[in-house]
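Data block below; observations after.
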Amino acid sequence: MSHDLSLLGWNDLRAAELPTDTVPARVARIDRGAAEVITADGQFHVKYGARVRRASAADPVALPCVGDWVALRLLPEGRYELDEVLPRTTAFIRGGVSRDSVGGLSGDGQGQVLAANVDVVFVAEPSMHSTDFADLGRIERLVALAWESGGTPVVLVTKSDLFEDGLDELLADVRVAAPGVDVHAVSSLQGEGVALVGDYLAGSRTAVILGASGAGKSTLVNALAGGSVMETQRVRAADGRGRHTTVHRELIPLPGGGLVIDTPGIRRIGLYDIGEGVDLVFSDIEALAERCRFGDCGHSGEPGCAVLAALESGELPERRLESWRKLQREAAWMASRTDARLRKEQQNKWKVITKEMRRSGRNRP
Ligand SMILES: Nc1nc2c(ncn2[C@@H]2O[C@H](COP(=O)(O)OP(=O)(O)OP(=O)(O)O)[C@@H](O)[C@H]2O)c(=O)[nH]1
Ligand SMILES: [Zn+2]
């Protein structure tokens with residue numbers, strides 16, 4: 001079967017990075033130290049070449065991951081090996097911190113890339129979660145993660161059908177929590193907003209959907225695919241296999257164009273992987289802070305504090321200020337446990353390319 005690689009997101013920018021005498025491929029899945037890749041000539045299972053093994057021994061971030069564009073080299077015996085990971089435009093990195101079985105956090109300082117070359121990051125938060133309303137703090141956290149990856153966040157308030165009165169007010173609150181980010185109401189069951197979500201994937205862009213368990217991620221992918229490509233919670237509850245079993249395909253091409261990456265790692269991300277993205281989510285508070293009289297204002301009673309003034313006047317919700325403080329503390333904690341130099345180096349490389357793409361409008365529908 002032959003594939004048109006441009007439908008998987010291949011473009012001139014990436015073609016310019018391809019070494020001579022190699023074949024381009026996109027990683028659909030990693031399976032026990034080898035990669036399942038899609039090339040123009042079909043799907044292959046390829047092992048890592050010496051170059052990849054060497055680079056990843058020094059730095060696990062260099063290991064191939066789902067979404068990567070890679071260069072394959074044909075060996076004399078007629079099979080391909082994965083010779084090189086092409087420069088990533090965006091990446092979700094788990095910064096060497098994980099929650100152990102007893103719930104404590106531990107860090108080994110080693111980063112791990114969970115997904116690469118994701119253009120659009122949908123943040124799914126239900127309008128109603130059993131008896132609770134949408135959690136604005138969770139939206140802020142996930143939007144911070146999205147910015148951090150280099151992709152463009154879009155917030156989806158899911159299950160909008162459950163919320164009749166007051167949806168507009170809720171959307172307004174969400175817009176305050178995510179300044180500069182598109183916010184849409186979606187009902188995957190009734191179809192509201194689904195086509196709009198699909199529009200973000202035009203031009204064969206790649207998306208991930210972040211959100212808590214039960215946010216409706218699988219149901220949305222199924223709605224986008226116009227069929228059942230993902231098991232949803234109900235099905236899984238019925239067969240008793242529990243959560244996180246949706247692993248058969250991790251790079252899912254949608255019939256209307258574009259791709260969605262869904263992996264267990266991406267599903268679990270968001271509990272503690274935050275960093276500099278926090279500044280972008282709280283750009284309104286950052287702007288206020290610049291107007292404080294003292295450059296090192298702690299916004300806790302100093303004279304001439306613009307942040308507290310905005311709180312007084314009601315311009316800045318108190319919940320948001322608290323959320324900012326909390327996420328900043330977490331980000332600082334994270335940073336103290338990750339190899340900062342390594343992280344920075346990787347991110348700078350992608351940020352340059354991502355900025356280029358933003359400038360040329362590639363990330364906007
Ligand atoms: N009313 C309503 N229910 C929905 C909608 N979308 C999803 N649901 C329901 O919400 C539940 C969870 O949906 P899933 O799609 O499995 O959620 P998920 O985010 O994939 O959850 P995990 O796989 O645990 O991460 C299911 O019972 C869905 O039927 C919607 O638009 N409206
Ligand atoms: Zn201040």
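Under 1.5 on a/c is rounded, so check that first for segment 5-85, then, if it is not, pick prolate when a/b is larger than b/c and oblate when it is not; a ≥ b ≥ c are the square roots of the alpha carbon gyration tensor eigenvalues.
rounded
Could I have the simple spin-label model distance between Ser313 and Leu189, label points 7 Å from Cα toward Cβ, reported in nm to one decimal?
4.3 nm
Could you report segment 108-209's accessible area per residue, 1.4 Å probe, as an integer in Å²?
Details: 3680 Å² over 102 residues.
The answer is 36 Å² per residue.
Can you give the FRET efficiency to the nearest 0.05 for Asp12 and Ala55, using r as the Cβ-Cβ distance and R₀ = 25 Å?
Values: r = 25 Å, r/R0 = 1.02.
Between Asp12 and Ala55 the formula returns 0.50.
Taking the mean number of other Cβ atoms within 10 Å as a proxy for protection, how do you rank 17-29, 71-83, 203-215 from highest to lowest? Please list the in-between numbers first.
Numbers: 17-29: 17.5, 71-83: 15.1, 203-215: 20.8.
Final packing ranking: 203-215, 17-29, 71-83.
The values are calculated or read from the model by the stated rules, or taken from the named source; none is laboratory data. What you see is a predicted model; the values in this text were computed from it and never measured. For neighbour counting, all protein chains shown are included, and Cβ atoms are generated from backbone atoms with ideal geometry for every residue, glycine included. For the accessible areas, the whole protein counts, side chains as well, though only heavy atoms, and no ligand, DNA or RNA atoms are used. Shrake-Rupley method; radii C 1.70, N 1.55, O 1.52, S 1.80 Å.
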